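Visitor: Before anything else, here's the structure in question.
Every read-out reported here was derived from the displayed coordinates using simple, explicitly stated rules and does not represent laboratory data. From a predicted model like this one, the values you see are computed outputs, not experimental measurements. Please note: Cβ atoms are built from the backbone with ideal geometry, for glycine as well, and neighbour counts cover all protein chains shown.
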Amino acid sequence: MESEQRVVRRNTLLSRLLNTAAAVALAMLAYSVIHDNLSDHLQNTWPWKLKLLDIQSATTAALAALGASLARAQYARTVRPALGHSGRAVDGMAPLGQRAWACHLTNAAQDVAVISDISYLVAFRPPADGAPPRAPGAWGPALHAIAEIAAAGLEQRKDFMLTVTTAGMPLPAQGRRFLGWFTEHAMQVVDEVYIRVQVVDRVGDTHERTIACLKAADRTPAHPDPELS
């Protein structure tokens with residue numbers, strides 16, 4: 001269920017338009033080269049009698065279009081977000097002195113990104129008392145995931161806590177955003193919380209990654225983990 005980061009949508013104006021312009025410019029250059037190397041008789045027949053650009057102008061246009069397309073691709077790589085997540089056992093978040101597993105969404109890149117969509121999917125552990133297994137959940141917003149977990153007998157802000165993250169929230173450069181925490185009791189019921197997040201970078205490209213909040217979680221933490229640097 002967890003996935004690597006991928007580009008799901010590129011900005012049409014800044015990507016496809018530049019690539020189309022580069023393709024047209026190269027086609028015009030090829031046409032001009034072929035046209036100037038034809039005999040006079042063929043140059044007077046259709047479609048070669050159509051004069052577009054001379055070779056020098058066509059070369060200039062092709063180089064300019066290719067340069068713009070490559071510059072855009074290089075800049076997009078520079079501002080590309082680097083999405084990941086981290087988790088650790090912590091004290092002081094859950095009530096009644098309970099130790100909890102806390103999870104953060106991270107952006108290790110050098111530029112800010114903006115969350116455009118985020119959805120949650122909850123997977124439960126098999127009941128220990130032989131009861132029928134819980135039905136698999138469905139992707140939905142944070143409130144939907146909270147309701148599903150609460151329906152399994154857990155209490156928000158006592159056994160677990162999921163932050164309500166919505167579209168439009170910024171993800172700072174080399175920063176992180178808190179996603180939630182789960183106590184030992186909650187992790188005996190909840191097997192995994194998958195979060196599928198989409199962010200838009202500075203050039204308008206949309207990146208997506210699905211993370212697993214409880215991946216490698218210490219479900220019976222004996223001591224808190226050190227603060228991540």
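Visitor: Mind checking the dipole of the range 90-229: about its Cα centre, +1 per Lys or Arg Cβ, -1 per Asp or Glu Cβ, Debye to the nearest 20?
Guide: In debye, rounded to 20, the range 90-229 gives about 80.
Visitor: Turning to a different aspect of this structure: Going out from 0 in 5 Å bins, what whole percent of all Cα-Cα distances in the chain drops into each bin?
Guide: 1, 6, 11, 13, 12, 10, 8, 6, 5, 5, 4, 4, 4, 3, 3, 2, 1, 0, 0
Visitor: Still on this structure: Let me have the relative contact order for the range 93-180, percent, based on Cα pairs under 8 Å that are six or more residues apart.
Guide: Computed value for the range 93-180: 48 percent relative contact order.
Visitor: May I pose another question? Rounded to whole Å, give me the distance from the Cα center of the range 54-81 to that of the range 114-141.
Guide: Cα centres, the range 54-81 to the range 114-141: 46 Å.
Visitor: So between L38 and K51, what do we pick up on full extension, going 0.36 nm a residue minus the alpha carbon distance?
Guide: 3.4 nm
Visitor: Restrict the search to the range 16-56; then list the trypsin sites (Lys or Arg not before Pro) that DSSP places in a loop and that have at most 14 other Cβ atoms within 10 Å of their Cβ.
Guide: Counting only loop positions with at most 14 other Cβ atoms within 10 Å, the trypsin sites (Lys or Arg not before Pro) in the range 16-56 are K49, K51.
Visitor: If contacts are Cα pairs under 8 angstrom and at least 6 residues apart, what is the relative contact order of the range 11-78 in percent?
Guide: 49 percent
Visitor: Now, a different point. Tell me what the chain gives for mean residue ellipticity at 222 nm when only DSSP H runs of n ≥ 4 count, each as -39,500 (n - 2.57), the sum divided by the residue total, rounded to 500 deg cm²/dmol.
Guide: Mean residue ellipticity, 222 nm, calculated: -9000 deg cm²/dmol.
Visitor: Which residue fluctuates the most in the chain, going by a Gaussian network model with Cα springs under 10 Å, if the choices are T59, T165, T45?
Guide: T45
Visitor: Moving to a separate point now. To make sure I understand the rule: partners must be aspartates and glutamates, Cα under 18 Å from the Cα of K51, and not fewer than 8 residues away in the same chain. Which ones qualify?
Guide: Reachable aspartates and glutamates: D36, D40.
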